[in-house]
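One structure is given below, encoded as structure tokens.
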Amino acid sequence: MNAFNPKRSARLKTIGIVVYALLLLALLLIVNRAKVNGFLASVFSLFRSIIWGLVLCYLLNPMFRFYERKTLYRVRPMGLRRTIALILSYLSFLLIIAFVLALLIPQLYLSASDFLANFDNYLQSAVTQFNNAVGWINGKLGALGLTQSPLNPLNPESAKNFSLNYLLLNIPQIMSWAAQFFGTEGSLSIIDIFGTVADVITDLIFAFFVSLYFLTTKEKRYAQVMKVRSALFSTKVNSLITRVCMVTDRTFGGFIRGKLIESLFVAMLALLLFLIVGVPYPLLIATIGGLANIVPFIGPIIGVIPALVIVLLAKPTVAIPMLLIILLIQQLNKNLVSPKLLYNHYGVSSLCVLISITTVGSIFGLWGLILGVPLFTTVIELVSEQIDRRLRAKGLPSNTENHYPIDSMVDPAKDVRTTPDTIIKSLERKILHLQKQQERGIPLKRSGRLLITIYDFCLRHHILSELSDETVLQFSADEATLAAEEETEQLIRRMQGVDLLEK
């Protein structure tokens, strides 16, 4: 029997207390989520300018590091280099925003105003087509002997009043969402709206100075934080804090930047395909889809609803092509773009994404919908690291496929691999095959040369990573197996030929 270890027993008790405390805290947050939301809204309203400044500093820091360390590394003295890098960072950020606004706002305004001006005609046409379809269905049902039909034609005036009332009833909800985003109280009063706009402008100006201060003195602020940490915590706890900060930075930073790039890709590709197919108001619908794509999992579903309504009213004949285009874009985004840009898509199932959205979104509202997935992913990765470390300490394998049951009906190696991983593995094997042909002096076809060129371009710009050791070893093993099988077949043919000669 193992001897009693007081330190181990105390550590297990501490872990148990912490786990139960966290579970109790989570339960209290869920039960009192209305009060928690009110408290968080008050805190955000009080410190929103500082929070926006820190967010702006976080977003500008990669650009600032690029200018300071890559572009202006020869500029001396250091103060001049930092000043120029700061100016270029803010100018680049402002130019990007100005370009996007100048490109989108005029076209969006024209599209929205044109749609509202022709709303009555679109609604009348949609009601007429719906009533024709209802009449055709009722005629078919009457021919079958059904005198009472569950479908009734619509009254154009009733449909118009319903649509306008529904829009007016949802304006307060839209205003509350906007107020929640900016941390203010939504109101339909003109005076309150102007006051809110003035507060937002003031907060943005203050946020600019906060971000400028932290970017300029980031090394000193880091040293002060490390000084406090070294004084309060042990080396082991500091290492844990550093690891948590690194995982959080990679997850949240990668998620925010990846989501912005992904949404831009979705909007641009949708706009191009909508123009080809002839979808009405293509820029408006593509912008709605891109903005809705920021919310994980359910965002694309939400974005389809207004797009479908607009198309059904303006040009119903392209509704099905538009839905097929959206489905195609989402599949490309899910299997090719999103796995490369978003870290949370590695190792996190769709069920985990849905749970994180529903739970965190119900507690924190709009921000919970947007940031619930990276928060959930950070927790999962930290817990997974702890589990892997405990398994290695026990001498057990940490790979998931090694823990499948012996009589499993599926191949563990294939089951744990996601669709993007399968696509990347297949691409890597194709590249290795082409490289082997080049080494043997075999001329490549045009498609092979094009694939090699694209792969080299992706490697130079860090779009794809280098070939993994696992892929190279597996490819070498497969090549050796094929070579051995060919030698065996040749040996069998020779033996058969010898037997024929002897006969």
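Between LEU24 and TRP367, take the C-beta separation as r, use R0 = 35 Å, and let me know the FRET efficiency to the nearest 0.05. After rounding, the FRET efficiency stands at 0.90.
Which pairs, out of LYS13/LYS227; LYS236/LYS394; LYS70/LYS430; LYS334/LYS436, put more than 25 Å between their alpha-carbon atoms?
Those over the limit are LYS13/LYS227; LYS70/LYS430; LYS334/LYS436.
In this calculation the C-beta distance from ASP478 to VAL100 is compared with R0 = 60 Å, giving a FRET efficiency of 0.80. Within the range 267-290, which residues have the backbone N less than 19 Å from the label spot 7 Å out from TYR109 along Cα→beta-carbon, could you tell me? Only 281-285, 287-288 fall inside the zone, counting backbone N under 19 Å. Once both labels are positioned 7 Å from their Cα atoms along Cα-to-Cβ, the gap between SER426 and ILE302 label points is 3.4 nm. Distances between placed amide hydrogens fall under 5 Å for LEU154 paired with ASN131, all partners being 5 or more residues away or on another chain. Gain on full extension, evaluated as 0.36 nm per residue between ARG257 and TYR222 minus their Cα-Cα distance, stands at 10.3 nm.
Each residue of the range 245-255 was assigned a 3J(HN,Hα) from its phi angle through the Karplus curve 6.51 cos²θ - 1.76 cosθ + 1.60 (θ = phi - 60°); the sequence is 5, 5, 5, 5, 5, 5, 6, 5, x, x, 5 Hz, with glycine and proline shown as x.
Between THR202 and ARG69, the modelled labels are 3.9 nm apart [label points 7 Å from Cα along Cα→Cβ]. Straightening the chain between GLU485 and ARG250 buys 80.0 nm, computed as 0.36 nm per residue apart minus the Cα-Cα spacing.
So, R0 is 41 Å and r is the distance between the beta-carbons of VAL134 and LEU275; what FRET efficiency does that work out to, to 0.05?
With R0 = 41 Å, the Cβ-Cβ based efficiency is 0.75.
Take the Cα of LEU396, step 7 Å toward its Cβ, do the same at LEU444, and the gap between the two points is 4.5 nm. By definition, a body whose alpha carbon gyration tensor gives a ≥ b ≥ c is oblate when a/c is 1.5 or more and a/b is not larger than b/c, and the range 1-131 fits this oblate description.
Only the coordinates and a few stated rules stand behind these numbers; no lab work does. What you see is a predicted model, and the numbers here were worked out from it, not measured in a lab. Reconstructed Cβ throughout: ideal geometry from the backbone, glycine too, with neighbour counts over all protein chains shown.
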